[in-house]
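Following: one structure in structure tokens, then a few remarks.
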Amino acid sequence: MGFKYWLHPKTNARSRTWKLSSRIVMSMLGATCKIFTDFLSNFNVHNKEVFIAAMDRRKPGQALITVGNHHSCLDDPLMWGVLRWDHIFNTTGIRWALAADNMCFSNKWNSLFFSVGQGIPIIRGQGVFQKGMDYAVEQLNLGHWVHVFPEGQVNMTHEFMRLKWGVGRLIADCKITPIVLPMWHIGMESLLPNRHPYIPRIGKRITWVIGEPMELHDILQGLRNARKNPMEIRKHLTDLIEDQFRILKARTEKLHYGTNRSER
């Protein structure tokens with residue numbers, strides 16, 4: 001089964017109208033999120049300077065892949081409201097995001113909004129080699145930022161989940177090894193509960209912890225020198241991210257609750 005709506009033009013064939021529409025949508029969305037995180041919620045961000053450095057000081061052509069847990073439909077884009085205003089209005093530098101085709105691209109108007117909003121449709125169950133993943137690799141090889149929820153779904157129970165190997169493919173297929181920045185948050189589901197009527201609530205406390213950039217160039221080179229096959233490489237890279245998620249989850253729980261809930 002293929003995409004019902006694929007509205008993304010080829011990267012080198014985006015019209016002025018498309019670019020302008022994307023700039024308007026991304027700027028308005030980013031500004032709304034900035035207002036919400038700065039003034040309408042209690043957003044506590046730890047290690048923010050690492051995130052800013054990854055945004056501002058990458059090597060020419062080097063991509064950024066951010067990976068995080070997924071507890072609410074507003075995780076993306078609301079978290080990016082913690083960025084500076086100059087990041088938000090520099091829409092060529094703001095994130096691309098993998099998004100569920102059946103949720104975000106279910107009709108033509110939703111598809112148009114999420115497409116100019118730099119969402120990339122992914123069909124669950126079609127594996128790591130599908131059109132959306134190819135398009136994400138293309139953006140990464142242009143040095144762009146792509147955000148991934150490697151759990152592959154909104155995690156309603158908040159129990160630790162095995163991660164999907166697609167993120168490993170994105171890393172492995174970059175021409176220049178990207179910066180991979182893991183992060184974990186708690187509280188987003190209180191801001192937008194995962195039930196009707198899906199109305200955001202103000203004044204909620206959110207804790208968001210940014211991890212350290214993962215140095216993967218030597219690891220990738222070692223795997224290739226050891227003649228590991230592409231599947232083994234994807235799994236190994238994904239396992240490394242999973243290890244970082246476990247560390248960040250425990251740290252975030254301690255900051256948010258005063259204890260590590262995983263140890264209760």
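The values are calculated or read from the model by the stated rules, or taken from the named source; none is laboratory data. The model shown is predicted, which means the values in this text are computed figures rather than measured ones. Here Cβ is always computed from backbone atoms with ideal geometry, including for glycine, and neighbour counts include all displayed protein chains. Just the protein is used for accessible areas: all its heavy atoms, side chains included, with ligands, DNA and RNA removed. Shrake-Rupley method; radii C 1.70, N 1.55, O 1.52, S 1.80 Å.
Let me check something: with ligands and nucleic acids excluded, how do Leu40, Leu98, Leu192 order by accessible area (1.4 Å probe), largest to smallest?
Leu40, Leu98, Leu192
Heavy atoms only, 1.4 Å probe, whole protein assembly: order Glu232, Glu189, Glu212, Glu159 by accessible area, highest first.
The residues order as Glu159, Glu212, Glu232, Glu189, largest area first.
Calculate the translational D of region 27-162 in whole µm² s⁻¹ from Stokes-Einstein, where the hydrodynamic radius comes from the Kirkwood formula applied to all Cα pairs, the temperature is 4 °C and the viscosity 1.567 mPa s.
Stokes-Einstein gives a translational diffusion coefficient of 82 µm²/s.
Taking the Cα centre of the chain as origin and charging only Cβ (+1 Lys, Arg; -1 Asp, Glu), how large is the dipole, in debye to the nearest 20?
500
Starting from region 27-103, pick out the trypsin sites (Lys or Arg not before Pro) whose DSSP state is loop and whose Cβ has at most 14 other Cβ atoms within 10 Å.
Sparse-neighbourhood loop trypsin sites (Lys or Arg not before Pro): Arg57, Arg84.
Sort 194-203, 21-30 by packing, meaning the average of other beta carbons within 10 Å per residue, with the highest value first.
Those peptides, ordered most packed to least, come out 21-30, 194-203.
Defining a contact as two alpha carbons under 8 Å apart and six or more residues distant in sequence, what relative contact order in percent does region 151-252 show?
Value for region 151-252: 37 percent.
Comparing Gly152, Gly93, Gly166, which has the greatest mean-square fluctuation in the GNM of the chain with Cα pairs linked when under 10 Å apart?
Of Gly152, Gly93, Gly166, the Gaussian network model singles out Gly93 as fluctuating most.
Can you list the residues, at least 5 places off or on another chain, whose amide H is less than 5 Å from the amide H of Arg58, using H built in the peptide plane?
It is none; the list stays empty.
Which listed residue (Leu216, Leu142, Gly119) has the Cα farthest towards the positive end of the charge dipole for region 109-259, taking +1 on Lys and Arg C-beta and -1 on Asp and Glu C-beta about the Cα centre?
Result: Gly119.
On the first, second and third principal axes, largest extent first, how far apart are the outermost C-alpha atoms of the chain in Å?
Reported extents, whole Å, longest axis first: 48, 47, 38.
Please work out the C-alpha center-to-center distance from region 73-93 to region 197-264 and express it in whole Å.
When both Cα centres are located, 20 Å separates them.
Tell me the per residue accessible area of the chain using a 1.4 Å probe; a whole number in Å² is fine.
51
What are the radius of gyration and Dmax of region 118-240, computed over its Cα atoms and given in Å?
Looking at region 118-240, its Cα Rg and Dmax stand at 16.5, 53 Å.
If you restrict to DSSP beta bridges whose two residues both lie in the chain, what percentage is antiparallel, to the nearest 5?
Around 20 percent antiparallel, to the nearest 5.
Along the positive direction of the dipole of region 143-264 (beta-carbon charges: Lys, Arg +1; Asp, Glu -1; about the Cα centre), which of Met183, Gly166, Gly203 reaches farthest?
Sorting the options by dipole projection puts first Gly203.
How would Met133, Met156 line up by accessible area, probe 1.4 Å, largest first?
Accessible-area ranking of Met133, Met156, largest first: Met156, Met133.
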